[in-house]
Amino acid sequence: MDELNELFRTFRHSSWRWECQGKYAVDEARLQRWRDGLPPDLDAKEPWLDFIRGVVSEGKTWQRVRMLTEPLTEYLRWMLENTQPNVDAGEDIRWVQQSTAQQLAMPGYDFYLFDDRLVAIMHFDDNKLLTRVETSDDEDVVAEHRAYRDKVWPHARPHSAEFTGTR
């Protein structure tokens, strides 16, 4: 998605993401490696990890909260076991249970909040592919999404080794 990539390149201070889908489109070969008990192919992920390292080295923050469905989907079990490289690169990834997210009235859609001034709502098709990004810098929309972040962040647990082994 060109628009989202442009936002990644141009934000100045902070990127924060709410990620609440139980599944996203993914390269099936990468998922199959995990199913087969093989280590991840980090070569394919290295450009993204380099990007995160670069963002963090510039003093920017790159954060996200992922919602854990109840019960966990296969995709989320895979992600729990394959998140540490992102954390090692400098991304602050946290997890929150679906029941907690529901109690907090978190939205049922993914979004990014850039620099506390721009919201990018992500739209996915039935195959879980990102198809459209809707951006807004409207003060009320931004304030609503900052409030979502501020509600969920204290309830989200930082990623750590305790999350692995969830097969």
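Summary of computed values
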item: Pair list, Cβ < 9 Å and 6+ apart or interchain, from the range 51-70 residues that are closer than 12 Å to VAL87 by Cα and open to solvent by 20 Å² or more (accessible area, probe 1.4 Å) to residues that are basic (Lys, Arg) and assigned to a helix (DSSP H, G or I); result: GLN63/ARG149
item: Cβ-Cβ under 9 Å pairs, at least 6 apart or on other chains, the range 137-155 side touching a residue at least 24 places away in the same chain (Cβ under 8 Å), far side in a loop (DSSP other than H, G, I, E, B) and among the small types (Gly, Ala, Ser); result: TYR148/ALA105; LYS151/ALA105
item: Matching residues, the range 124-147, being open to solvent by less than 50 Å² (accessible area, probe 1.4 Å) and touching a Leu at 6+ places or on another chain (Cβ under 8 Å); result: VAL133, SER136, VAL142, HIS145
item: Filter pass, LEU80 being open to solvent by less than 30 Å² (accessible area, probe 1.4 Å) and modelled with pLDDT under 95; result: yes
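The values are calculated or read from the model by the stated rules, or taken from the named source; none is laboratory data. Just so we're clear, the structure is a prediction, and the values are computed from it rather than from any experiment. Reconstructed Cβ throughout: ideal geometry from the backbone, glycine too, with neighbour counts over all protein chains shown. In case anyone asks, the SASA skips ligands and DNA or RNA and just uses the protein heavy atoms, side chains included. Shrake-Rupley method; radii C 1.70, N 1.55, O 1.52, S 1.80 Å.
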